[in-house]
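Participant: This is the structure I want to talk about, given as structure tokens.
The values are calculated or read from the model by the stated rules, or taken from the named source; none is laboratory data. Computed from a predicted structure; not experimentally measured. Every residue, glycine as well, gets a Cβ built from its backbone with ideal geometry; the counts of neighbours run over all protein chains shown. Side chains included, ligands, DNA and RNA excluded: accessible areas come from the protein's heavy atoms. Shrake-Rupley method; radii C 1.70, N 1.55, O 1.52, S 1.80 Å.
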Amino acid sequence: MRGALIRRTLGKVLFEYKSGFFQSSFSRRTYMAAVCTKLGQPLEVQELKSKEKLQPTEVRVAVKNAGINFADLLMANGKYQVRPKTPFTVGMEFSGEIAEVGSEVTKFKAGDRVVGIGKEGFATELVMQPEMLFALPHGIPYEKAAGMLASYGTALMALARRGQLKEMETVLITAAAGATGLAAVDVATSLYKAKVIAACGSTEKCNFVRERGAFATVDYNAQNLKDKVKSITDGHGADVVVEFVGGDMFMQCLKCMAWEGRMVVVGFASGDVPQVPANLLLLNSMSLMGVFWGEYLKRKPKVLLDNIEEVISLCQQQYLDPYVGKVFPLAEVTPER
């Protein structure tokens, strides 16, 4: 039983970057899954027994594709906020079709195309409650769908709700060649006609992000970020910054911001959580805020659900275009020994 893994980053190592997919087939008696048997060790592809009888409110999804997110990697390495008991199947983001519904489910029927957020997505099937499943329009391929909710949902929440981006403003996006960085470039340029400055770690990534719509790029391993941003903006600075890296990159971004600029902190990919020099915020009347996309489900669920529906609608209407870089078989989750 074979499927495919799709990764949207430029990286060449399977779990080095935050995005990827598994394409799969469906079996009623058994199914294949990428299982974490020990934290920090490679996942193992195992054949597992299917749940025979659904609860009245459950649905069974035949997974077509599943996206690898940074949270999945952290969880498999025991570095996430929640540490599931091993063994467990990883994967929070997936697309597929409904294979079976419980007796009380009215939202979906067998054969419906769906995209969802949940658990155990790195498998050829999963069983779940339908609250975080969404109808997938036929105009959106399964491959793109499996990678659009978390990345584009986060990007849209960061730029629209938190950053209050306005048309034609200048946006600085760090780690812009990653999945959510690319989504932020797409949202800013396609929906707001913003002037995007994309910060990346290599010439290759800079060239790639420019092809995806960035107005200008900065290779932060070879160029001074502050000097370059000030030069590009004629001294004005960035109106909005979407920051994924943390550490020294965060500090540099603070110095790149315009008067009354807004920075949205999305993550700390460097592993270094910075200390904020509050005097810079005061002197430049700047705003600093964060966005924790998944937490909205618990605190403001309607905001998150509306955000997801908006992402699906925008992708269906082709205002946004999720990028898929490469396809891999499920078996390649486990390195050859």
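Participant: Residue by residue through segment 203-241, note down the ones that are touching a residue at least 40 places away in the same chain (Cβ under 8 Å), on the phi > 0 side of the Ramachandran plot and in contact with an Asp or Glu (Cβ under 9 Å, 6 or more places away or on another chain).
Facilitator: Across segment 203-241, there are no qualifying residues.
Participant: Between F88, F134, which is within 21 Å of K298 (Cα to Cα) and either of a type outside the set (S, T, Y) or modelled with pLDDT under 95 (or both)?
Facilitator: F134
Participant: Given (1) aliphatic (A, V, I, L, M); (2) surrounded by fewer than 20 Cβ atoms within 10 Å (Cβ to Cβ); (3) farther than 22 Å from T180 by Cβ, where does A258 come up short, assuming only one miss?
Facilitator: (2)
Participant: Being surrounded by 18 or more Cβ atoms within 10 Å (Cβ to Cβ), among the hydrophobic types (A, V, I, L, M, F, W, C) and within 18 Å of G213 (Cβ to Cβ) is the filter here, so list the residues in segment 131-177 that pass it.
Facilitator: M148, A155, L156, A158, L159, L165, V171, L172, I173, A175, A176, A177
Participant: Given the conditions (1) without any contact (Cβ under 8 Å) to a residue 60 or more places away in the chain; (2) within 21 Å of I308 (Cα to Cα); (3) open to solvent by 20 Å² or more (accessible area, probe 1.4 Å); (4) in a loop (DSSP other than H, G, I, E, B), which single one is not true for F108?
Facilitator: Exception for F108: condition (3).
Participant: Shifting gears a bit: What are the residue pairs meeting all of these: first residue in segment 65-88, first residue part of a loop (DSSP other than H, G, I, E, B), second residue among the hydroxyl-bearing types (S, T, Y) and at pLDDT below 90, Cβ atoms under 6 Å, and 6 or more apart or on different chains?
Facilitator: Qualifying pairs under 6 Å: I68/S19.
Participant: Let me ask something else about it. Just to be sure I understand, how many residues within segment 210-230 are assigned to a helix (DSSP H, G or I) and open to solvent by 80 Å² or more (accessible area, probe 1.4 Å)?
Facilitator: Of the residues in that region, 4 qualify.
Participant: Still on this model: I need a count of the residues in segment 261-272 that are assigned to a loop (DSSP other than H, G, I, E, B) and either open to solvent by 50 Å² or more (accessible area, probe 1.4 Å) or not small (G, A, S) (or both).
Facilitator: Summing the residues that are assigned to a loop (DSSP other than H, G, I, E, B) and either open to solvent by 50 Å² or more (accessible area, probe 1.4 Å) or not small (G, A, S) (or both) in segment 261-272 gives 6.
Participant: Another one. All but one of (1) of a type outside the set (A, V, I, L, M, F, W, C); (2) more than 17 Å from G201 (Cβ to Cβ); (3) open to solvent by less than 20 Å² (accessible area, probe 1.4 Å) hold for Q275; state the number of the condition that does not hold.
Facilitator: All conditions are met except number (3).
Participant: Do we have I140 as over 30 Å from V218 (Cβ atoms), hydrophobic (A, V, I, L, M, F, W, C) and not in a loop (DSSP other than H, G, I, E, B) here?
Facilitator: no
Participant: Could you give every pair whose Cβ atoms fall below 6 Å, whose first residue belongs to segment 242-264 and is at positive phi, and whose second residue is surrounded by 22 or more Cβ atoms within 10 Å (Cβ to Cβ), counting only separations of at least 6 or pairs across chains?
Facilitator: Filtered contacts from segment 242-264: no entries.
Participant: I would also like to ask the following. Looking at V245 and the list (1) open to solvent by 70 Å² or more (accessible area, probe 1.4 Å); (2) part of a loop (DSSP other than H, G, I, E, B); (3) touching a Ser or Thr at 6+ places or on another chain (Cβ under 8 Å); (4) not charged (D, E, K, R), which single condition is not satisfied?
Facilitator: Failed condition: (1).
Participant: Working only within segment 111-131, note down all residues that are touching a residue at least 40 places away in the same chain (Cβ under 8 Å) and outside any strand (DSSP E or B).
Facilitator: E120, G121, F122, T124, Q129, P130
Participant: Quick one: which of V61, V45 is part of a strand (DSSP E or B), open to solvent by 20 Å² or more (accessible area, probe 1.4 Å) and closer than 20 Å to R29 by Cβ?
Facilitator: Among V61, V45, only V45 is part of a strand (DSSP E or B), open to solvent by 20 Å² or more (accessible area, probe 1.4 Å) and closer than 20 Å to R29 by Cβ.
Participant: Check whether at least one residue in segment 213-225 is over 21 Å from S270 (Cβ atoms) and in contact with a Leu (Cβ under 7 Å, 6 or more places away or on another chain), and report yes or no.
Facilitator: Within segment 213-225, none of the residues are over 21 Å from S270 (Cβ atoms) and in contact with a Leu (Cβ under 7 Å, 6 or more places away or on another chain).
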